[in-house]
1. Relative contact order of segment 92-166, please, whole-number percent, based on alpha carbon pairs below 8 angstrom and at least 6 residues apart.
2. I'd like the accessible area for Glu139, computed on protein heavy atoms only with a 1.4 Å probe and all protein chains in place. Round to 10 Å², please.
3. Count the DSSP beta bridges whose two residues both fall in the chain, then state the antiparallel fraction as a percent rounded to the nearest 5.
4. So what's Rg/Rh here for the chain, counting alpha carbon atoms and using the Kirkwood radius for Rh?
5. Work out, step by step, the length gained on full extension between Asp178 and Lys572: first 0.36 nm times the residue separation, then minus their alpha carbon distance; give nm to one decimal.
6. Compute and list, largest first, the equivalent-ellipsoid semi-axes of segment 469-526 from the alpha carbon gyration tensor, each √(5λ) rounded to a whole angstrom.
7. Based on a Kirkwood Rh over C-alpha pairs, give the Stokes-Einstein translational diffusion coefficient of segment 149-217 at 37 °C and viscosity 0.692 mPa s in µm²/s.
8. Which Cα, out of Leu406, Val356, Leu328, lies furthest along the positive dipole direction of segment 295-428 (beta carbon charges, K/R +1, D/E -1)?
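The values are calculated or read from the model by the stated rules, or taken from the named source; none is laboratory data. All figures in this text were calculated on a predicted structure; none of them were measured in a lab. Reconstructed Cβ throughout: ideal geometry from the backbone, glycine too, with neighbour counts over all protein chains shown. For accessibility, only protein heavy atoms count, side chains too; no ligands or nucleic acids. Shrake-Rupley method; radii C 1.70, N 1.55, O 1.52, S 1.80 Å.
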Amino acid sequence: MEAPSFAYSASSSSLLSLRKTPLSSPRLPRFGNTKHKNFSIRASSSGDSVVTLLDYGAGNVRSVRNAIRFLGFEIKDVQTPQDILNARQLVFPGVGAFAAAMEVLSKTGMDEALCSYIEKDRPFLGICLGLQLLFESSEENGPVKGLGLIPGTVGRFDSSNGFRVPHIGWNALQITKDSGILDDVGNHHVYFVHSYRAMPSDDNNEWISSTCDYGDKFIASIRRGNVHAVQFHPEKSGDVGLSILRKFLNPKSNMTKKPGEGKALKLAKRVIACLDVRANDNGDLVVTKGDQYDVREHTKENEVRNLGKPVDLAGQYYKDGADEVSFLNITGFRDFPLGDLPMLQVLRYTSENVFVPLTVGGGIRDFTDSTGRYYSSLEVASEYFRSGADKISIGSDAVYAAEEYLRTGVKTGKTSLEQISRVYGNQAVVVSIDPRRVYLKDPNDVQLKTVRVSNLGPNGEEYAWYQCTVNGGREGRQIGAYELAKAVEELGAGEILLNCIDCDGQGKGFDVDLIKLVSDAVSIPVIASSGAGAPAHFSEVFNKTNASAALAAGIFHRKEVPIQSVKEHLLKEGIEVRI
Ligand code: 1PR
């Protein structure tokens, strides 16, 4: 993980709770069915249903809380080291950066309590950084000493061999020994998001319960007695992840629904469902979808196209097998998102029942409201994270940041992109690019990267550059998608969501020229977006470009093609996907 500072948590008084951003006056939320209680499952029977959670306030552990509650357990938060020692079972979802986490643990005496708890073989589940901290040290901004319970050093993935870092997505596990909680999940995909990993060695071999291949073989989980830790995120790994958590929380339960047989071998290509969300003219938050970013019906009333309720649709796509769900608050560039309580509520309710990663974008920038109160982009992002987002997506503000960086060559550290990725890690920051094709007869007509287009322009032009836009495509800027992508990678973006205004809503396929151009230029994952109209468009984009994921909206909203059909098609074409 890469979040070197604890902006909200350094002082001991605020250690265990993040500061709440005051919100402006609430509007009544109207966003669909929020009663999903029928989803949740009761824990065993007795008072065994309390789980102790170690949340040291470094970031978003809401997803872990939601998953535990969904499984019918109550949560007791650790306040003192004694709470660790008294725990019946302890979940430690490490977030943030290694050094900062160790600093908090040792300042508060939690490091010793943790070591003592684990040495006594008490039930423990570490997640992500909660696994890494058990090792001797980490190279993340280091070397930095860890808890030293397991021999070995945590190091960064090597991107020089063509593997994209961060390692984001659904990868396969190789189970190496009786892992207890992982017994039924071999050959299934689970969700990883990290840049650092622990490596197997003769010294730590006896701890390892599964490994994963990503460039090299790294430790995906450890187990010794009642002590478990996983590098992946069970709380974001759908049914497979929930079954892992359930087995840990209630090992004797016979309620565990075993996942069917899996066929996972390697990192899967992701299929993402995107929900463009905005208020319609009655003030209801709706999922909409435009053609080339025009979301109004071409009728006399000229109303906003209404394709459904955000919470309901997100829940449906989760059940249909979406690997991630993205919400784009498409009027966020003009409306202040923290004034948009329904959007935050949408996230809260969705994250209670959707156990795959959730991304939210729109309006992430510094803002001064009508009362003169200033909000930093970091506060806006923090509120999104607190409401259930796993990643945030920045559009317009990333364009301004990249322009400034390319003009001056200086990283100020003050842009929203840099600040949010410093605090939450670059794997939590997506940059959404909204480019439009500009055709050229001669590539030398611009000083920007051009492509030789597969389909000639309207006047027979053979070349194009991709002009970035801001404010929902309303304003073109003098920066190309290629230049922007490279700049935002340097500024700390962990992933790129690559739209194309020309293809948006057209159903004629992704812009392969654009996606190839950008995915070859950067070493972070690229999500291909805009234009999907048939399953074959997904295989085309994965076969012809280095995209890690493909996102679609219209075909799913209009129920033209179910997500499952896309995945079956990809499997038939020999492209690995999560089933
Ligand atoms: O600039 O940080 O406030 O972010 C605004 C965000 O809202 C950006 O991510 C921008 O892409 C998005 N946005 C703004 N206006 C619109 C609009 O449609 N009028 N939506 C908009 C962009 C594009 C995709 C769409 C795909 C797939 N939507 O998200 O879902 O093109 O569609 P398809 O499969 O139907 O072709 P900021």
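1. Working: 102 pairs, mean separation 22.3, N = 75.
About 30 percent, as a whole number.
2. Rounded to the nearest 10, that gives 100 Å².
3. Values: 42 of 90 bridges.
Here the antiparallel bridges make up roughly 45 percent for the chain.
4. Values: Rg = 23.1 Å, Rh = 24.2 Å.
Answer for the chain: 0.96.
5. Working: separation 394, 0.36 × 394 = 141.84 nm, distance 3.27 nm.
Roughly 138.6 nm would be gained on extension.
6. Details: eigenvalues 75, 47, 18 Å².
Those come to 19, 15, 10 Å.
7. Details: Rh = 13.0 Å.
In µm²/s, the coefficient is 252.
8. Going by the Cα projections, it comes out as Leu406.
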